[in-house]
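Taking it in order: structure first as structure tokens, then the write-up.
The values are calculated or read from the model by the stated rules, or taken from the named source; none is laboratory data. Note that the structure is predicted; figures quoted are calculated from it, not measured. Cβ atoms come from the backbone with ideal geometry, glycine included; neighbour counts cover every protein chain shown.
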Amino acid sequence: MYMNTYNWYSQLIKPSWSPPPWLFGPVWTFLYVLIVVSFGKIFVMTWQEQVPFIVALPFILNIIFNLSFTSLQFGLKNNLLAGLDILFILITLIWAMVSIYPYLPWLAYIQIPYLLWVSFATVLQLTITYLNK
């Protein structure tokens, strides 16, 4: 299964500026540490009613879209759905940063590496989608 997915992805047309495959694991490991810490803080604050649920909503949606990406891209091998999904990841991340800023500015700031990577990954995914239509 893994080799079939790897073969499929390696055969896609990618832009010359596409990072090497080995880079994705370390980057996402670092980002998931930030996500777990910051999203965990939001969920605890929401549970304790220190912030309204509407502040947690974009974080919840972001995690759903984030976890869906791998299934769409590598399970279904559907670049178009993966491209739409990553746009939703980017939109919900921006929404999350804006919504938490009035309560915990530092939590919005620690999302910056995630925002930078997702912005880059969005352009990359949309480019791959376009090149392989």
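Which residue out of 94, 54 is loosely packed, with under 14 Cβ neighbours inside 10 Å and farther than 30 Å from residue 4 by Cα?
Working: 94 fails: loosely packed, with under 14 Cβ neighbours inside 10 Å.
Exactly one residue qualifies, and that residue is 54.
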Of everything in the stretch 85-107 that's free of Cβ contacts under 8 Å to residues at least 12 places away in the same chain and more than 12 Å from the chain's Cα centre (by Cα), which residue is nearest to residue 34 (Cα to Cα)?
106
Among (1) surrounded by 18 or more Cβ atoms within 10 Å (Cβ to Cβ); (2) over 15 Å from residue 42 (Cβ atoms), the one test that residue 130 misses:
(1)
Out of the residues in the stretch 1-35 that are of a type in the set (A, V, I, L, M) and either surrounded by 11 or more Cβ atoms within 10 Å (Cβ to Cβ) or not in a helix (DSSP H, G or I) (or both), state the one that is modelled with the lowest pLDDT.
1
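Please work out if residue 111 is buried (at least 17 other Cβ atoms within 10 Å of the Cβ) and within 27 Å of residue 6 (Cβ to Cβ). Break it down into steps so the answer makes sense when it comes.
Values: buried (at least 17 other Cβ atoms within 10 Å of the Cβ): yes; within 27 Å of residue 6 (Cβ to Cβ): no.
When the stated conditions are applied, residue 111 does not pass them.
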Among (1) in a helix (DSSP H, G or I); (2) in contact with a helix residue (DSSP H, G or I) (Cβ under 8 Å, 6 or more places away or on another chain); (3) surrounded by 15 or more Cβ atoms within 10 Å (Cβ to Cβ), where does residue 60 come up short?
(2)
